[in-house]
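A.B. asks: Sharing a structure, written as structure tokens. Questions coming.
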Amino acid sequence: MRSTGIIRKTLLLVMLTALLPALCIIVYSGVQDMARSKALLREEGTELVRAAAFRRQSITENMRTLLIAVSHFEELGTAQIASTRAIFRTILQQTPYFSNLLLTTPEGVVLTGGLPFADARIDETLLAGARERRGLYVGRSLRDAQTGRKILLFSYPVTDASGAVSALVVGGLRADAYSFITPREEIPD
């Protein structure tokens, strides 16, 4: 009987000796795979953040370019309301990121917009920023009364021949277009 116990212990020891290196290799391989997966995930996450930042920067630059271009339209400087409204509507139809474009007096009274606008005045901070900088001013975000969507406001001054601010162009950018989240087609598989 005693010899049976010794044989069992010997067989168990032989099996453990044979399996231990294989078990170590499996554990080591798993640890290496996990490290590679973490590195790949970190790399893809960094790339996703870069893509989102680039997208945000591109949208801001597009808004700036659009407002600069629009501010030079003669119709805005002479406050031709019907022509300005038609220009703004055309732009809004072509650019789905924008919620609205408005023309205001330097004091913030809304003269016209591409779409109807509920408030008769624009926030003074947004107006003062554009007037003082004589350039693009990025304002705060708020909830659009008509759509319920959050929008980010931009403003740009319209100047007359003497360089005085005669009006302001205010653009509303849909916050979902400007957010960190990127469209599905930009997310790597």
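The values are calculated or read from the model by the stated rules, or taken from the named source; none is laboratory data. Remember, predicted model here, so these are calculated numbers, not experimental data. No Cβ is skipped: glycine too gets one built from the backbone with ideal geometry, and neighbour counts run over all protein chains shown. SASA here: full protein model, heavy atoms, side chains in, ligands and nucleic acids out. Shrake-Rupley method; radii C 1.70, N 1.55, O 1.52, S 1.80 Å.
A.B. asks: Calculate how steeply helix 124-133 sits against the longest principal axis of the alpha-carbon atoms of the chain, using the helix alpha-carbon long axis, and give the answer as 0 to 90 degrees to the nearest 10.
C.D. replies: The angle comes out at about 80 degrees.
A.B. asks: Taking the Cα atoms of segment 81-158 alone, what are Rg (to one decimal) and Dmax (as a whole number) in Å?
C.D. replies: 12.0, 31
A.B. asks: Stretch C24-A86 to full length: gain in nm at 0.36 nm per residue minus the Cα-Cα span?
C.D. replies: Details: separation 62, 0.36 × 62 = 22.32 nm, distance 7.31 nm.
Separation in residues times 0.36 nm, less the Cα-Cα distance, equals 15.0 nm.
A.B. asks: Another question about this same structure. Which whole number in µm²/s is D for the chain by Stokes-Einstein, with the Kirkwood Rh taken over Cα pairs at 4 °C and 1.567 mPa s?
C.D. replies: This corresponds to a translational diffusion coefficient of 63 µm²/s.
A.B. asks: A further question on this structure: In degrees between 0 and 90, to the nearest 10, how far off the longest principal axis of the chain does helix 2-71 point, with axes built from Cα atoms?
C.D. replies: 10 degrees
A.B. asks: Where does each of 167-175, 128-136 land if you order them by average Cβ count within 10 Å, highest first?
C.D. replies: Put in order of decreasing packing, that is 167-175, 128-136.
A.B. asks: Mind checking the dipole of the chain: about its Cα centre, +1 per Lys or Arg Cβ, -1 per Asp or Glu Cβ, Debye to the nearest 20?
C.D. replies: 1140 debye
A.B. asks: For the chain, calculate the relative contact order in percent as a whole number, restricting contacts to Cα pairs under 8 Å that are 6 or more residues apart.
C.D. replies: 21 percent
A.B. asks: Same structure again: Can you work out the accessible area per residue across the chain, with the rest of the protein chains kept in place, probe 1.4 Å, in square angstrom?
C.D. replies: 65 Å²
A.B. asks: If DNA, RNA and ligands are ignored and the probe is 1.4 Å, what is the ranking of T10, T112 by accessible area, most exposed first?
C.D. replies: The ordering from most to least exposed comes out as T10, T112.
A.B. asks: Now, a different point. For q = 0.16, 0.27 Å⁻¹, what log10 I(q)/I(0) does segment 3-83 give under the Debye formula with an equal point scatterer on each alpha carbon and no solvent?
C.D. replies: The computed values of log10 I(q)/I(0) come out as -0.83, -1.12.
A.B. asks: Right, next: Need one value: the accessible area of L23 in square angstrom, 1.4 angstrom probe, rounded to the nearest 10.
C.D. replies: 100 Å²
A.B. asks: Oh, and also: Which of the peptides 150-159, 102-111 is most tightly packed, and how do the rest follow, judged by the mean count of other Cβ atoms within 10 Å per residue? Mind showing how you got there, number by number?
C.D. replies: Details: 150-159: 21.6, 102-111: 17.8.
Sorting 150-159, 102-111 by mean packing, highest first, produces 150-159, 102-111.
A.B. asks: Quick check on segment 4-48: what are the equivalent-ellipsoid semi-axes from the Cα gyration tensor, as sqrt(5λ), descending, whole Å?
C.D. replies: 43, 6, 4
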